[in-house]
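The values are calculated or read from the model by the stated rules, or taken from the named source; none is laboratory data. In this text, all values refer to a predicted model and were calculated from it rather than measured experimentally. Backbone-built Cβ (ideal geometry, glycine too); neighbour counts: all protein chains shown. For the accessible areas, the whole protein counts, side chains as well, though only heavy atoms, and no ligand, DNA or RNA atoms are used. Shrake-Rupley method; radii C 1.70, N 1.55, O 1.52, S 1.80 Å.
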Amino acid sequence: MMLSILLFSLMDATVKWLGASYPTTQIMFFRCAVALLPVLVIIWMRGGFGILRTQQKALHLLRSLMGISAMGLAFYAFSLMPLAEAVSLLHTAPLFMTALSVLLLRESVGIRRWSAILVGFAGMLLVVRPGSSMLESGSLFMLGAAFLIGCTTIVIRHLSKIDDPVCITFYFTLTGVIASLSGWFLQGWTPPPAPDLALLMMVGLLGGLAQYLMTLSYQHLALGIVSPLKYLTIVFGGIIAYLVWGEIPDLQSLCGIALIIATGLYTLHRELLRGARSAAALEPIPQPRAKP
């Protein structure tokens with residue numbers, strides 16, 4: 001999990017570096033096209049394309065379009081924002097997801113989690129600093145990405161009960177390749193020299209490997225152990241941003257980032273506690289043994 005977080009942080013920094021010279025859709029193409037290769041290998045190892053059969057085509061399309069839109073908004077925002085602030089705003093996605101689960105899924109959310117959501121959004125406002133410069137600073141684009149990730153997570157919750165994770169990943173990645181190719185007509189294509197071509201391919205390799213390692217960690221450790229470590233991406237991102245671009249968040253941004261991390265961890269704690277209670281309620285009541 002730690003290695004996965006580090007690789008994701010390096011991918012984000014590489015995207016920010018490339019975003020100064022290349023269109024967002026071009027970076028997205030390499031992110032998806034390179035990642036599609038290992039997905040195809042996994043499909044072959046799992047027995048072929050039969051694993052891709054699904055009765056949820058509309059939901060796959062919705063999940064893919066929202067996921068690709070989130071990727072595009074985030075990649076573009078990375079080129080405009082300080083890295084640590086950009087990553088911290090991306091971590092508001094669980095807050096959006098919890099709020100949306102109430103509106104869309106009619107889930108019950110208590111006063112504690114609602115309070116955490118409000119505090120998290122307050123931290124978000126400290127980082128964003130609402131005003132006319134939200135577009136220029138990239139914060140509005142990153143918030144849009146976080147909102148779409150929250151929506152996507154809800155759809156994935158439903159899809160994962162029916163289809164194999166490889167199936168979900170394949171359709172998302174394939175949609176990303178098609179969408180980014182279409183984007184060339186809008187943003188064009190900048191021929192990269194060999195060093196930049198290597199960096200573009202590295203975006204896909206880092207993202208694909210990081211995702212695999214994260215999935216592997218979930219297979220060996222409980223969710224409550226590994227999920228809080230995701231917030232280290234903000235720490236790693238801040239260190240990389242300081243070493244490469246000399247970026248140092250000011251006091252207001254640091255306070256906002258701290259609130260986002262604290263409320264994110266608390267929301268995760270409440271989700272895990274709620275899941276444990278639900279599992280306990282479903283356990284059969286032991287019956288007394290009959291006397292001999």
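Overview of results
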| item | result |
| --- | --- |
| Accessible surface of the range 81-213, 1.4 Å probe, proportion on carbon and sulfur as whole % | 73 |
| Computed over the chain, the ratio Rg/Rh where both radii use C-alpha atoms and Rh is Kirkwood | 1.00 |
| On Cα atoms only, tilt of 139-159 relative to the major axis of the chain in degrees | 40 |
| LEU174 accessible area, assembled protein chains, probe 1.4 Å, Å² | 60 |
| Hz values of 3J(HN,Hα) by residue in the range 111-122 - Karplus curve (6.51, -1.76, 1.60), Gly and Pro given as x | 4, 5, 6, 4, 5, 5, 4, 5, 5, x, 5, 5 |
| Stretchable slack from TYR242 to ALA262, in nm (0.36 nm times residue separation minus alpha-carbon distance) | 4.9 nm |
| For the range 58-71, 3J(HN,Hα) per residue [Karplus equation, 6.51 cos²θ - 1.76 cosθ + 1.60, θ = phi - 60°, Hz, x = Gly/Pro] | 5, 5, 4, 5, 4, 4, 5, 5, 5, x, 5, 4, 4, 4 |
| Kirkwood hydrodynamic radius (C-alpha pairs) into Stokes-Einstein, the range 49-172, 37 °C and 0.692 mPa s, D in µm²/s | 210 |
| Protection proxy ranking of 257-268, 55-66 - average other beta-carbon atoms within 10 Å, highest first | 257-268, 55-66 |
| Contour excess over end-to-end distance, with Cα ends at VAL102 and CYS255 and 0.36 nm allotted per residue | 52.3 nm |
| 1.4 Å probe accessible area per residue over the chain, in Å² | 53 |
| For the range 255-268, 3J(HN,Hα) per residue [Karplus equation, 6.51 cos²θ - 1.76 cosθ + 1.60, θ = phi - 60°, Hz, x = Gly/Pro] | 5, x, 4, 4, 5, 5, 5, 4, 6, x, 5, 5, 4, 4 |
